[in-house]
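The values are calculated or read from the model by the stated rules, or taken from the named source; none is laboratory data. A quick note: this is a predicted structure, and the numbers were derived from the prediction, not measured. Virtual Cβ from ideal backbone geometry, glycine too; neighbours counted across all protein chains shown. The protein model used for the area step is the full one, side chains on, heavy atoms only, and it has no ligands, DNA or RNA in it. Shrake-Rupley method; radii C 1.70, N 1.55, O 1.52, S 1.80 Å.
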Amino acid sequence: MDPQFAQTLCLTLKLAVSTTVILVLIGLPFAYWLAFTKIRIKPLIEALVSMPMVLPPSVIGYYMLLIYSPRNWFGEWLGRIFDVQLAFSFEGVLIASVIFSLPFMVQPLHNGLRSLPDSLREASYTLGKSKMLTFFRVLLPNIKPSVITALALTFAHSIGEFGIVLMVGGNMPGETRVASIAIYDEVQALNFEAANQYALILFLVSLVLLTTIYSVNKKYDTWKMM
Amino acid sequence: MENDVIFIDVEKLMHTAQGPVKLMVQTSIQSGELVALFGQSGAGKTTLLRILAGLVAPDRGLIRFGNTIWFDSEKKINIVPQQRNIGLMFQDFALFPNMTVEQNIQFAQPEKNKAAVTELLTLFGLQELRERKPNGLSGGQKQRVALARVLARKPQLLLLDEPLSALDAEMRHVLQDEIARAHNLLGVTTLMVSHDLNEVFRLATHVICIENGKVMRSGRPENAFLDNSISGKVQITGQIARIEKQDTLYVVTVISGNNQIIKVIAFENDLENLKIGDRVMVYSKAFNPIISKLG
(Lines give C-alpha, C1' and ligand atoms only; values in the text may rest on other atoms or scores of the structure.)
Protein backbone atom coordinates (compact mmCIF):
# COMPACT_ATOMS: atom_id res chain seq x y z
CA MET A 1 0.00 0.00 0.00
CA ASP A 2 1.12 3.50 -0.76
CA PRO A 3 2.64 4.85 2.51
CA GLN A 4 0.94 8.19 2.05
CA PHE A 5 -2.40 6.47 1.57
CA ALA A 6 -1.86 4.45 4.77
CA GLN A 7 -0.72 7.54 6.66
CA THR A 8 -3.83 9.44 5.63
CA LEU A 9 -6.15 6.62 6.66
CA CYS A 10 -4.30 6.24 9.96
CA LEU A 11 -4.64 9.93 10.67
CA THR A 12 -8.35 9.84 9.78
CA LEU A 13 -8.88 6.96 12.17
CA LYS A 14 -6.83 8.66 14.89
CA LEU A 15 -8.90 11.82 14.59
CA ALA A 16 -12.22 9.94 14.67
CA VAL A 17 -11.24 7.73 17.61
CA SER A 18 -9.83 10.65 19.64
CA THR A 19 -12.88 12.79 18.93
CA THR A 20 -15.24 9.99 19.98
CA VAL A 21 -13.32 9.20 23.17
CA ILE A 22 -13.13 12.85 24.21
CA LEU A 23 -16.82 13.34 23.40
CA VAL A 24 -17.83 10.32 25.51
CA LEU A 25 -16.01 11.86 28.46
CA ILE A 26 -17.54 15.30 27.89
CA GLY A 27 -20.85 14.27 26.35
CA LEU A 28 -22.11 11.82 29.00
CA PRO A 29 -22.00 14.19 31.98
CA PHE A 30 -23.09 17.11 29.80
CA ALA A 31 -26.11 15.26 28.36
CA TYR A 32 -27.07 14.13 31.87
CA TRP A 33 -26.86 17.67 33.17
CA LEU A 34 -28.78 19.04 30.18
CA ALA A 35 -31.52 16.40 30.46
CA PHE A 36 -32.39 17.15 34.06
CA THR A 37 -31.36 20.76 34.64
CA LYS A 38 -34.01 23.35 35.39
CA ILE A 39 -31.76 26.26 34.46
CA ARG A 40 -33.57 29.08 32.67
CA ILE A 41 -31.19 29.45 29.77
CA LYS A 42 -31.50 25.76 28.82
CA PRO A 43 -32.97 26.59 25.37
CA LEU A 44 -29.97 28.83 24.66
CA ILE A 45 -27.54 26.08 25.70
CA GLU A 46 -29.41 23.55 23.55
CA ALA A 47 -29.28 25.96 20.61
CA LEU A 48 -25.52 26.50 21.06
CA VAL A 49 -24.89 22.74 21.14
CA SER A 50 -26.91 22.29 17.94
CA MET A 51 -25.29 25.20 16.07
CA PRO A 52 -22.72 22.99 14.29
CA MET A 53 -25.60 21.10 12.68
CA VAL A 54 -26.98 24.17 10.95
CA LEU A 55 -23.98 26.42 10.45
CA PRO A 56 -21.64 25.91 7.51
CA PRO A 57 -18.38 24.38 8.78
CA SER A 58 -16.58 27.38 7.38
CA VAL A 59 -18.26 29.66 9.95
CA ILE A 60 -17.13 27.57 12.91
CA GLY A 61 -13.76 27.02 11.25
CA TYR A 62 -13.33 30.75 10.82
CA TYR A 63 -14.06 31.43 14.50
CA MET A 64 -11.75 28.61 15.55
CA LEU A 65 -8.96 30.13 13.47
CA LEU A 66 -9.59 33.51 15.07
CA ILE A 67 -9.39 31.99 18.54
CA TYR A 68 -6.24 29.99 17.69
CA SER A 69 -4.50 32.98 16.16
CA PRO A 70 -1.43 34.18 18.10
CA ARG A 71 -2.74 37.69 17.60
CA ASN A 72 -5.69 36.78 19.78
CA TRP A 73 -5.26 36.69 23.59
CA PHE A 74 -6.11 32.98 23.85
CA GLY A 75 -3.81 31.91 21.02
CA GLU A 76 -1.11 34.21 22.35
CA TRP A 77 -1.53 32.80 25.88
CA LEU A 78 -1.33 29.21 24.59
CA GLY A 79 1.81 29.98 22.64
CA ARG A 80 3.44 31.83 25.52
CA ILE A 81 2.66 29.37 28.34
CA PHE A 82 2.53 26.01 26.57
CA ASP A 83 4.40 26.78 23.38
CA VAL A 84 1.42 25.40 21.49
CA GLN A 85 0.29 26.54 18.10
CA LEU A 86 -3.19 25.17 17.37
CA ALA A 87 -3.88 26.49 13.89
CA PHE A 88 -2.87 23.97 11.18
CA SER A 89 -2.01 21.30 13.74
CA PHE A 90 -3.59 17.94 14.61
CA GLU A 91 -4.56 19.17 18.08
CA GLY A 92 -6.25 22.22 16.58
CA VAL A 93 -8.23 20.01 14.20
CA LEU A 94 -9.11 17.67 17.06
CA ILE A 95 -10.56 20.49 19.20
CA ALA A 96 -12.54 21.79 16.21
CA SER A 97 -13.76 18.28 15.47
CA VAL A 98 -14.88 17.79 19.09
CA ILE A 99 -16.89 21.00 18.99
CA PHE A 100 -18.28 20.19 15.59
CA SER A 101 -19.40 16.67 16.55
CA LEU A 102 -20.76 17.67 19.96
CA PRO A 103 -24.45 17.61 18.89
CA PHE A 104 -24.07 14.14 17.40
CA MET A 105 -22.99 12.84 20.80
CA VAL A 106 -25.16 14.97 23.09
CA GLN A 107 -28.50 14.91 21.25
CA PRO A 108 -29.08 11.13 21.15
CA LEU A 109 -27.98 10.78 24.78
CA HIS A 110 -30.14 13.72 25.84
CA ASN A 111 -33.18 12.34 24.00
CA GLY A 112 -32.58 8.88 25.42
CA LEU A 113 -32.38 10.15 28.99
CA ARG A 114 -35.47 12.32 28.55
CA SER A 115 -37.45 9.38 27.18
CA LEU A 116 -37.00 7.34 30.37
CA PRO A 117 -39.83 7.69 32.88
CA ASP A 118 -38.84 9.85 35.87
CA SER A 119 -39.97 7.07 38.16
CA LEU A 120 -36.90 4.97 37.26
CA ARG A 121 -34.56 7.62 38.66
CA GLU A 122 -36.81 8.31 41.61
CA ALA A 123 -37.17 4.61 42.42
CA SER A 124 -33.42 4.24 42.51
CA TYR A 125 -33.03 7.30 44.77
CA THR A 126 -35.70 6.07 47.18
CA LEU A 127 -33.91 2.71 47.26
CA GLY A 128 -30.96 4.63 48.68
CA LYS A 129 -28.78 4.74 45.57
CA SER A 130 -26.63 7.76 44.75
CA LYS A 131 -27.04 9.82 41.58
CA MET A 132 -23.79 8.44 40.19
CA LEU A 133 -24.77 4.81 40.80
CA THR A 134 -28.24 5.46 39.40
CA PHE A 135 -26.72 6.93 36.25
CA PHE A 136 -24.41 4.02 35.54
CA ARG A 137 -26.58 1.11 36.74
CA VAL A 138 -30.11 2.28 35.87
CA LEU A 139 -30.16 5.13 33.34
CA LEU A 140 -27.29 4.30 31.00
CA PRO A 141 -28.10 0.59 30.54
CA ASN A 142 -31.67 1.51 29.62
CA ILE A 143 -30.67 3.91 26.85
CA LYS A 144 -28.26 1.50 25.15
CA PRO A 145 -29.62 2.21 21.64
CA SER A 146 -29.09 5.95 22.23
CA VAL A 147 -25.55 5.32 23.42
CA ILE A 148 -24.76 3.20 20.35
CA THR A 149 -26.36 5.79 18.06
CA ALA A 150 -24.35 8.58 19.71
CA LEU A 151 -21.08 6.67 19.41
CA ALA A 152 -21.62 5.59 15.82
CA LEU A 153 -22.87 8.99 14.62
CA THR A 154 -20.01 10.82 16.30
CA PHE A 155 -17.45 8.43 14.88
CA ALA A 156 -18.94 8.46 11.38
CA HIS A 157 -19.30 12.21 11.42
CA SER A 158 -15.70 12.72 12.54
CA ILE A 159 -14.43 10.42 9.79
CA GLY A 160 -16.39 12.31 7.17
CA GLU A 161 -15.66 15.83 8.39
CA PHE A 162 -14.30 18.00 5.62
CA GLY A 163 -15.00 21.71 5.84
CA ILE A 164 -13.80 22.41 9.32
CA VAL A 165 -10.61 20.36 8.88
CA LEU A 166 -9.84 22.27 5.72
CA MET A 167 -10.43 25.62 7.45
CA VAL A 168 -8.53 24.91 10.65
CA GLY A 169 -5.99 22.33 9.56
CA GLY A 170 -5.41 22.78 5.88
CA ASN A 171 -3.88 19.86 4.02
CA MET A 172 -0.65 18.84 5.72
CA PRO A 173 0.27 15.16 5.19
CA GLY A 174 0.70 13.33 8.49
CA GLU A 175 -0.66 16.26 10.48
CA THR A 176 -4.02 17.39 9.16
CA ARG A 177 -4.54 15.62 5.84
CA VAL A 178 -7.47 13.29 6.50
CA ALA A 179 -9.26 11.08 3.94
CA SER A 180 -11.97 13.55 3.02
CA ILE A 181 -9.38 16.25 2.32
CA ALA A 182 -7.26 13.77 0.39
CA ILE A 183 -10.19 12.98 -1.92
CA TYR A 184 -10.61 16.63 -2.74
CA ASP A 185 -6.88 16.99 -3.26
CA GLU A 186 -6.61 13.94 -5.51
CA VAL A 187 -9.55 15.05 -7.61
CA GLN A 188 -7.97 18.47 -8.02
CA ALA A 189 -4.84 16.68 -9.22
CA LEU A 190 -6.98 14.56 -11.59
CA ASN A 191 -5.76 11.49 -9.71
CA PHE A 192 -9.09 9.68 -9.82
CA GLU A 193 -7.81 6.25 -8.87
CA ALA A 194 -6.56 7.41 -5.46
CA ALA A 195 -9.68 9.51 -4.92
CA ASN A 196 -11.75 6.45 -5.69
CA GLN A 197 -9.93 4.36 -3.08
CA TYR A 198 -10.47 6.93 -0.33
CA ALA A 199 -14.07 7.48 -1.31
CA LEU A 200 -14.88 3.78 -1.35
CA ILE A 201 -13.40 3.27 2.12
CA LEU A 202 -15.33 6.22 3.59
CA PHE A 203 -18.50 4.98 1.91
CA LEU A 204 -18.14 1.46 3.29
CA VAL A 205 -17.22 2.50 6.82
CA SER A 206 -20.23 4.85 7.04
CA LEU A 207 -22.53 2.20 5.59
CA VAL A 208 -21.42 -0.40 8.13
CA LEU A 209 -21.80 2.04 11.03
CA LEU A 210 -25.26 3.20 10.06
CA THR A 211 -26.45 -0.36 9.39
CA THR A 212 -25.26 -1.26 12.88
CA ILE A 213 -27.27 1.59 14.39
CA TYR A 214 -30.45 0.65 12.58
CA SER A 215 -30.19 -3.06 13.32
CA VAL A 216 -29.53 -2.38 17.02
CA ASN A 217 -32.55 -0.09 17.20
CA LYS A 218 -34.70 -2.64 15.43
CA LYS A 219 -33.64 -5.36 17.84
CA TYR A 220 -34.39 -3.07 20.76
CA ASP A 221 -37.88 -2.29 19.40
CA THR A 222 -38.79 -5.98 19.19
CA TRP A 223 -37.38 -6.54 22.67
CA LYS A 224 -39.47 -3.67 24.03
CA MET A 225 -42.66 -5.09 22.55
CA MET A 226 -42.22 -8.44 24.27
CA MET B 1 -43.46 3.75 70.53
CA GLU B 2 -43.57 7.48 70.89
CA ASN B 3 -40.42 8.15 68.89
CA ASP B 4 -41.73 6.30 65.86
CA VAL B 5 -44.64 8.63 65.30
CA ILE B 6 -44.51 10.49 62.03
CA PHE B 7 -45.50 14.11 62.35
CA ILE B 8 -46.51 16.00 59.22
CA ASP B 9 -47.36 19.68 58.90
CA VAL B 10 -46.80 20.86 55.34
CA GLU B 11 -48.05 23.28 52.72
CA LYS B 12 -47.49 23.00 49.01
CA LEU B 13 -49.05 24.77 46.06
CA MET B 14 -50.02 22.16 43.49
CA HIS B 15 -50.79 22.83 39.84
CA THR B 16 -53.63 20.49 38.97
CA ALA B 17 -55.86 20.18 35.92
CA GLN B 18 -58.48 22.18 37.82
CA GLY B 19 -56.05 25.03 38.49
CA PRO B 20 -53.81 25.71 41.48
CA VAL B 21 -54.75 23.93 44.72
CA LYS B 22 -53.02 24.43 48.02
CA LEU B 23 -52.13 21.23 49.81
CA MET B 24 -52.33 21.82 53.56
CA VAL B 25 -51.88 18.73 55.67
CA GLN B 26 -51.35 18.46 59.37
CA THR B 27 -51.50 14.96 60.73
CA SER B 28 -49.54 12.31 62.54
CA ILE B 29 -49.19 8.61 61.91
CA GLN B 30 -48.63 6.00 64.57
CA SER B 31 -45.96 3.39 64.21
CA GLY B 32 -47.05 0.09 62.65
CA GLU B 33 -50.30 1.39 61.18
CA LEU B 34 -51.48 0.81 57.65
CA VAL B 35 -52.81 4.21 56.71
CA ALA B 36 -54.86 4.84 53.59
CA LEU B 37 -54.77 8.24 51.91
CA PHE B 38 -58.20 8.42 50.36
CA GLY B 39 -59.64 10.99 47.98
CA GLN B 40 -60.43 11.99 44.40
CA SER B 41 -57.61 12.24 41.91
CA GLY B 42 -56.00 15.66 42.03
CA ALA B 43 -56.74 15.97 45.76
CA GLY B 44 -53.06 15.81 46.65
CA LYS B 45 -52.60 12.23 47.83
CA THR B 46 -49.71 11.41 45.55
CA THR B 47 -48.09 14.77 46.18
CA LEU B 48 -48.18 14.11 49.92
CA LEU B 49 -46.59 10.71 49.33
CA ARG B 50 -43.85 12.26 47.19
CA ILE B 51 -43.26 14.92 49.84
CA LEU B 52 -42.76 12.17 52.43
CA ALA B 53 -40.38 10.36 50.07
CA GLY B 54 -38.32 13.53 49.62
CA LEU B 55 -38.98 13.72 45.87
CA VAL B 56 -40.99 16.93 46.21
CA ALA B 57 -40.14 19.73 48.61
CA PRO B 58 -43.04 21.42 50.40
CA ASP B 59 -43.24 25.21 50.26
CA ARG B 60 -43.35 25.40 54.01
CA GLY B 61 -43.63 23.14 57.01
CA LEU B 62 -42.14 20.37 59.08
CA ILE B 63 -41.87 16.60 58.74
CA ARG B 64 -40.51 14.62 61.64
CA PHE B 65 -39.96 10.88 61.56
CA GLY B 66 -39.50 9.79 65.17
CA ASN B 67 -36.74 12.06 66.41
CA THR B 68 -35.33 12.74 62.97
CA ILE B 69 -36.25 15.90 61.14
CA TRP B 70 -36.83 15.10 57.48
CA PHE B 71 -37.95 18.54 56.44
CA ASP B 72 -37.97 21.88 58.17
CA SER B 73 -38.51 24.96 56.02
CA GLU B 74 -37.39 27.32 58.78
CA LYS B 75 -34.11 25.56 59.43
CA LYS B 76 -33.75 24.81 55.71
CA ILE B 77 -33.48 21.08 56.31
CA ASN B 78 -34.49 18.72 53.53
CA ILE B 79 -33.12 15.21 53.85
CA VAL B 80 -32.57 13.57 50.45
CA PRO B 81 -34.66 10.49 49.55
CA GLN B 82 -31.57 8.27 49.80
CA GLN B 83 -31.24 8.98 53.52
CA ARG B 84 -34.88 8.63 54.56
CA ASN B 85 -34.92 4.83 54.49
CA ILE B 86 -38.30 4.57 52.89
CA GLY B 87 -39.73 2.20 50.33
CA LEU B 88 -41.83 3.87 47.66
CA MET B 89 -43.84 1.73 45.31
CA PHE B 90 -44.73 3.66 42.18
CA GLN B 91 -47.98 3.51 40.28
CA ASP B 92 -46.10 2.30 37.18
CA PHE B 93 -43.94 0.05 39.44
CA ALA B 94 -40.73 1.58 38.02
CA LEU B 95 -38.99 -1.76 37.65
CA PHE B 96 -35.59 -1.44 36.01
CA PRO B 97 -36.00 -2.91 32.49
CA ASN B 98 -32.31 -3.76 32.18
CA MET B 99 -32.33 -6.03 35.23
CA THR B 100 -33.96 -9.40 35.83
CA VAL B 101 -36.53 -9.88 38.60
CA GLU B 102 -33.77 -11.15 40.88
CA GLN B 103 -31.42 -8.27 40.02
CA ASN B 104 -34.15 -5.73 40.65
CA ILE B 105 -34.59 -7.07 44.17
CA GLN B 106 -30.86 -7.41 44.74
CA PHE B 107 -30.27 -3.82 43.64
CA ALA B 108 -32.50 -2.55 46.44
CA GLN B 109 -30.53 -4.27 49.19
CA PRO B 110 -28.30 -2.03 51.27
CA GLU B 111 -25.85 -4.96 51.48
CA LYS B 112 -25.78 -7.92 49.16
CA ASN B 113 -27.56 -10.86 50.74
CA LYS B 114 -28.48 -13.71 48.44
CA ALA B 115 -30.44 -15.63 51.05
CA ALA B 116 -32.70 -12.64 51.70
CA VAL B 117 -33.36 -12.27 47.96
CA THR B 118 -34.37 -15.93 47.73
CA GLU B 119 -36.60 -15.49 50.76
CA LEU B 120 -38.42 -12.55 49.13
CA LEU B 121 -38.73 -14.42 45.83
CA THR B 122 -40.31 -17.32 47.69
CA LEU B 123 -42.59 -15.12 49.76
CA PHE B 124 -44.06 -13.53 46.64
CA GLY B 125 -44.07 -16.68 44.52
CA LEU B 126 -41.49 -15.32 42.08
CA GLN B 127 -38.90 -18.12 41.98
CA GLU B 128 -39.98 -19.21 38.52
CA LEU B 129 -39.63 -15.68 37.22
CA ARG B 130 -36.27 -14.81 38.77
CA GLU B 131 -34.41 -14.76 35.45
CA ARG B 132 -37.13 -12.86 33.58
CA LYS B 133 -36.92 -9.20 32.63
CA PRO B 134 -39.80 -6.92 33.74
CA ASN B 135 -41.01 -6.37 30.16
CA GLY B 136 -42.07 -10.01 29.99
CA LEU B 137 -44.20 -9.87 33.15
CA SER B 138 -47.92 -9.36 33.65
CA GLY B 139 -49.28 -6.46 35.73
CA GLY B 140 -49.79 -8.61 38.79
CA GLN B 141 -46.33 -10.10 38.54
CA LYS B 142 -44.77 -6.64 38.18
CA GLN B 143 -46.62 -5.50 41.25
CA ARG B 144 -45.23 -8.39 43.26
CA VAL B 145 -41.69 -7.72 42.11
CA ALA B 146 -42.12 -4.04 42.99
CA LEU B 147 -43.39 -4.94 46.46
CA ALA B 148 -40.55 -7.43 46.99
CA ARG B 149 -38.07 -4.79 45.84
CA VAL B 150 -39.20 -2.09 48.26
CA LEU B 151 -39.16 -4.61 51.10
CA ALA B 152 -35.60 -5.67 50.19
CA ARG B 153 -34.47 -2.25 51.27
CA LYS B 154 -35.88 -2.93 54.76
CA PRO B 155 -37.67 0.42 54.93
CA GLN B 156 -38.87 2.10 58.09
CA LEU B 157 -41.78 3.53 56.17
CA LEU B 158 -43.55 1.95 53.22
CA LEU B 159 -45.25 4.27 50.74
CA LEU B 160 -47.58 2.74 48.17
CA ASP B 161 -48.91 4.96 45.37
CA GLU B 162 -52.17 3.39 44.17
CA PRO B 163 -50.44 0.05 44.10
CA LEU B 164 -53.36 -1.84 42.59
CA SER B 165 -54.96 0.65 40.24
CA ALA B 166 -53.55 -1.01 37.13
CA LEU B 167 -55.04 -4.41 37.90
CA ASP B 168 -58.37 -6.09 37.32
CA ALA B 169 -60.70 -6.77 40.24
CA GLU B 170 -59.70 -10.38 40.81
CA MET B 171 -55.98 -9.72 40.76
CA ARG B 172 -56.58 -6.78 43.04
CA HIS B 173 -58.03 -9.01 45.73
CA VAL B 174 -55.15 -11.44 45.60
CA LEU B 175 -52.64 -8.63 45.87
CA GLN B 176 -54.55 -6.79 48.57
CA ASP B 177 -54.06 -9.91 50.64
CA GLU B 178 -50.39 -9.86 49.79
CA ILE B 179 -50.00 -6.26 50.92
CA ALA B 180 -51.81 -7.08 54.14
CA ARG B 181 -49.55 -10.09 54.62
CA ALA B 182 -46.40 -8.08 53.98
CA HIS B 183 -47.58 -5.43 56.41
CA ASN B 184 -48.41 -7.94 59.14
CA LEU B 185 -45.22 -9.87 58.61
CA LEU B 186 -42.86 -6.93 58.82
CA GLY B 187 -44.90 -4.56 60.93
CA VAL B 188 -43.62 -1.65 58.88
CA THR B 189 -45.61 1.57 59.02
CA THR B 190 -47.36 1.84 55.67
CA LEU B 191 -49.02 4.69 53.82
CA MET B 192 -51.12 3.74 50.83
CA VAL B 193 -52.76 6.05 48.32
CA SER B 194 -56.14 4.75 47.23
CA HIS B 195 -59.39 5.93 45.76
CA ASP B 196 -61.07 2.58 46.17
CA LEU B 197 -63.24 2.45 49.30
CA ASN B 198 -63.28 -1.32 49.20
CA GLU B 199 -59.51 -1.39 49.36
CA VAL B 200 -59.46 1.07 52.25
CA PHE B 201 -61.88 -1.06 54.25
CA ARG B 202 -60.05 -4.28 53.56
CA LEU B 203 -56.54 -3.11 54.31
CA ALA B 204 -56.34 0.07 56.31
CA THR B 205 -56.26 0.46 60.07
CA HIS B 206 -56.52 4.21 59.69
CA VAL B 207 -57.71 6.43 56.88
CA ILE B 208 -56.97 10.04 56.02
CA CYS B 209 -59.47 11.55 53.59
CA ILE B 210 -58.08 14.38 51.50
CA GLU B 211 -60.28 16.69 49.47
CA ASN B 212 -58.91 19.64 47.53
CA GLY B 213 -55.65 19.51 49.40
CA LYS B 214 -57.15 19.46 52.90
CA VAL B 215 -57.68 16.63 55.36
CA MET B 216 -61.45 16.37 55.73
CA ARG B 217 -61.77 13.32 57.96
CA SER B 218 -59.49 10.78 59.54
CA GLY B 219 -59.72 7.86 61.86
CA ARG B 220 -60.59 4.19 61.69
CA PRO B 221 -62.24 3.52 58.31
CA GLU B 222 -65.68 2.68 59.79
CA ASN B 223 -65.68 5.86 61.89
CA ALA B 224 -64.42 8.08 59.14
CA PHE B 225 -67.01 6.98 56.60
CA LEU B 226 -70.09 5.56 58.21
CA ASP B 227 -71.53 8.64 59.91
CA ASN B 228 -72.24 10.55 56.72
CA SER B 229 -73.37 7.87 54.33
CA ILE B 230 -76.89 6.76 54.95
CA SER B 231 -77.42 3.09 54.28
CA GLY B 232 -80.72 1.34 53.78
CA LYS B 233 -81.86 1.13 50.23
CA VAL B 234 -84.24 -1.64 49.43
CA GLN B 235 -82.02 -3.45 47.00
CA ILE B 236 -78.34 -2.88 46.74
CA THR B 237 -75.62 -4.92 45.11
CA GLY B 238 -72.10 -4.75 46.39
CA GLN B 239 -69.07 -6.58 47.53
CA ILE B 240 -68.29 -8.03 50.96
CA ALA B 241 -65.51 -6.04 52.54
CA ARG B 242 -65.45 -7.40 56.04
CA ILE B 243 -67.01 -10.11 58.20
CA GLU B 244 -66.85 -9.61 61.96
CA LYS B 245 -68.11 -11.94 64.65
CA GLN B 246 -70.06 -10.29 67.44
CA ASP B 247 -71.21 -12.77 70.09
CA THR B 248 -73.35 -15.28 68.22
CA LEU B 249 -74.00 -13.00 65.28
CA TYR B 250 -71.88 -11.74 62.42
CA VAL B 251 -71.69 -8.22 61.07
CA VAL B 252 -71.04 -8.17 57.36
CA THR B 253 -69.82 -4.94 55.81
CA VAL B 254 -70.83 -4.59 52.18
CA ILE B 255 -69.66 -1.85 49.88
CA SER B 256 -71.96 -0.96 47.03
CA GLY B 257 -71.00 0.11 43.54
CA ASN B 258 -71.29 3.79 44.39
CA ASN B 259 -69.15 3.34 47.49
CA GLN B 260 -71.90 3.19 50.06
CA ILE B 261 -71.16 1.11 53.11
CA ILE B 262 -73.81 -1.15 54.47
CA LYS B 263 -73.61 -3.22 57.60
CA VAL B 264 -75.79 -6.32 57.67
CA ILE B 265 -76.41 -8.74 60.50
CA ALA B 266 -75.99 -12.36 59.48
CA PHE B 267 -76.22 -15.74 61.12
CA GLU B 268 -73.58 -18.37 60.85
CA ASN B 269 -75.53 -20.41 58.30
CA ASP B 270 -76.07 -17.31 56.14
CA LEU B 271 -72.33 -17.09 55.74
CA GLU B 272 -71.77 -20.66 54.69
CA ASN B 273 -70.99 -19.83 51.09
CA LEU B 274 -69.99 -16.19 51.55
CA LYS B 275 -66.48 -14.86 51.82
CA ILE B 276 -64.74 -11.50 51.59
CA GLY B 277 -64.75 -10.18 48.04
CA ASP B 278 -67.94 -11.97 46.98
CA ARG B 279 -70.49 -9.96 45.05
CA VAL B 280 -73.76 -9.96 46.97
CA MET B 281 -77.15 -8.32 47.08
CA VAL B 282 -78.46 -6.70 50.21
CA TYR B 283 -82.20 -6.40 50.26
CA SER B 284 -84.95 -5.89 52.76
CA LYS B 285 -88.53 -7.05 52.58
CA ALA B 286 -91.87 -5.43 53.34
CA PHE B 287 -91.93 -2.79 56.05
CA ASN B 288 -88.27 -2.60 57.06
CA PRO B 289 -87.17 0.35 54.95
CA ILE B 290 -87.67 3.68 56.68
CA ILE B 291 -88.00 6.87 54.75
CA SER B 292 -86.69 10.21 55.90
CA LYS B 293 -86.40 13.58 54.19
CA LEU B 294 -82.91 14.67 53.22
CA GLY B 295 -81.38 18.08 53.96
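Hey, which lysines would be in cross-link range of A:LYS218, C-alpha to C-alpha under 18 Å, not counting anything within fewer than 8 residues on its own chain?
Leaving aside lysines fewer than 8 places away in the same chain, those within reach of A:LYS218 are A:LYS144.
Note down the Stokes-Einstein diffusion coefficient of segment A:106-174 in µm²/s, whole number, using a Kirkwood radius over alpha carbon pairs, 25 °C, and 0.890 mPa s. Let's see the in-between values first.
Working: Rh = 14.4 Å.
Result for D is 170 µm²/s.
Please give the FRET efficiency for A:VAL59 paired with A:SER215, using the beta carbon to beta carbon distance and R0 = 25 Å, rounded to the nearest 0.05. Write out the running numbers ahead of the final one.
On the way: r = 35 Å, r/R0 = 1.41.
Efficiency for this residue pair is about 0.10.
Once you list every other residue whose beta carbon is under 13 Å from the beta carbon of A:LEU34, what net charge do they have if Lys and Arg are +1 and Asp and Glu are -1?
Working: positive: A:LYS38, A:LYS42, A:ARG114; negative: A:GLU46.
Value of the local net charge: +2.
Counting DSSP beta bridges with both partners in chain B, what percentage is antiparallel, nearest 5? If you can, show how the numbers build up before the last one.
Working: 47 of 66 bridges.
Once the DSSP bridges in chain B are tallied, antiparallel ones form about 70 percent.
Enumerate the calculated ³J(HN,Hα) couplings along segment A:103-119 in order (Karplus 6.51 cos²θ - 1.76 cosθ + 1.60, θ = phi - 60°), each rounded to whole Hz, writing x wherever the residue is Gly or Pro.
Here the 3J(HN,Hα) series is x, 5, 8, 6, 4, x, 5, 4, 4, x, 5, 5, 6, 6, x, 4, 4 Hz.
What does the charge add up to near A:ALA150, with Lys and Arg as +1, Asp and Glu as -1, over the other residues with Cβ less than 14 Å from its Cβ? Intermediate results must be reported in sequence, preceding the final value.
On the way: positive: A:ARG114, A:LYS144; negative: none.
Local charge sum for A:ALA150: +2.
Find how much the distance from B:GLN83 to B:ASP177 grows on full extension, using 0.36 nm per residue of separation minus their present alpha carbon separation; answer in nm with one decimal.
Details: separation 94, 0.36 × 94 = 33.84 nm, distance 2.98 nm.
That works out to 30.9 nm of additional length.
Hey, what number do you get for chain B at 222 nm if only DSSP H runs of n ≥ 4 count, each worth -39500 (n - 2.57), divided across all residues, to the nearest 500?
Numbers: 7 runs with 72 residues, N = 295.
Result for chain B: -7000 deg cm²/dmol, rounded to the nearest 500.
Pairs to check: B:LYS133/B:LYS275; B:LYS45/B:LYS75; A:LYS131/B:LYS45; A:LYS131/B:LYS112. Give those whose C-alpha atoms are more than 24 Å from each other in this structure.
B:LYS133/B:LYS275; B:LYS45/B:LYS75; A:LYS131/B:LYS45
To the nearest 100 Å², how much accessible surface do chains B and A hide from each other in total, with a 1.4 Å probe? Show your work: numbers first, answer last.
Working: alone 15820 and 13100 Å², together 27080 Å².
The contact between A and B buries close to 1800 Å².
If you roll a 1.4 angstrom probe over the protein chains with everything in place, what fraction of the accessible area of segment B:26-130 belongs to carbon and sulfur, to the nearest %?
Values: 2090 of 4590 Å².
On segment B:26-130, the fraction of accessible area on carbon and sulfur atoms equals 46 percent.
For B:LYS22, enumerate residues with amide H under 5 Å from its amide H, sequence gap 5+ or separate chain, H modeled in the peptide plane.
B:MET14
Under 5 Å between amide H atoms, partner at least 5 residues away or on a different chain: which partners does B:LEU88 have, H built in plane at 1.01 Å?
B:LEU159
Which whole-number percentage describes the relative contact order of segment A:92-201, with Cα contacts under 8 Å and a sequence gap of 6 or more?
Details: 88 pairs, mean separation 31.8, N = 110.
Averaging sequence separation for qualifying contacts and normalising by length gives 29 percent for segment A:92-201.
Just to confirm, what accessible area per residue do you get for the protein assembly as shown at 1.4 Å probe, in whole Å²? Display every interim value, and only then the final one.
Working: 27080 Å² over 521 residues.
Value for the protein assembly as shown: 52 Å² per residue.
Does any residue of segment A:98-146 lose at least 30 Å² of accessible area with all protein chains in place compared with its chain alone, and if so which ones (probe 1.4 Å)?
Buried on complex formation: A:SER119, A:LEU120, A:GLU122, A:ALA123, A:TYR125, A:THR126, A:LEU127, A:GLY128, A:LYS129, A:ARG137, A:VAL138, A:ASN142.
Other chains' Cβ within 10 Å of B:75-84 residues: what's the mean? Before the final figure, lay out the partial values.
Details: counts 0, 0, 0, 0, 0, 5, 8, 10, 1, 3.
Mean partner shielding for this stretch: 3.
How high is the FRET efficiency between A:ASN191 and A:PHE36 when r is their beta carbon distance and R₀ equals 51 Å, given to the nearest 0.05? Can you show the working numbers first?
Numbers: r = 52 Å, r/R0 = 1.01.
It comes to 0.50.
Can you tell me the order of A:135-147, B:264-276, A:54-66 when each peptide is scored by its average per-residue count of other Cβ atoms within 10 angstrom, highest first?
Values: A:135-147: 18.6, B:264-276: 11.5, A:54-66: 15.6.
Ranked by mean Cβ neighbours within 10 Å, highest first: A:135-147, A:54-66, B:264-276.
List the residues, sorted by chain then number, that are 5 or more residues from B:ARG132 or on another chain and whose placed amide H is less than 5 Å from its amide H.
Excluding prolines and chain starts, which carry no amide H, the hits are B:VAL101, B:GLU102.
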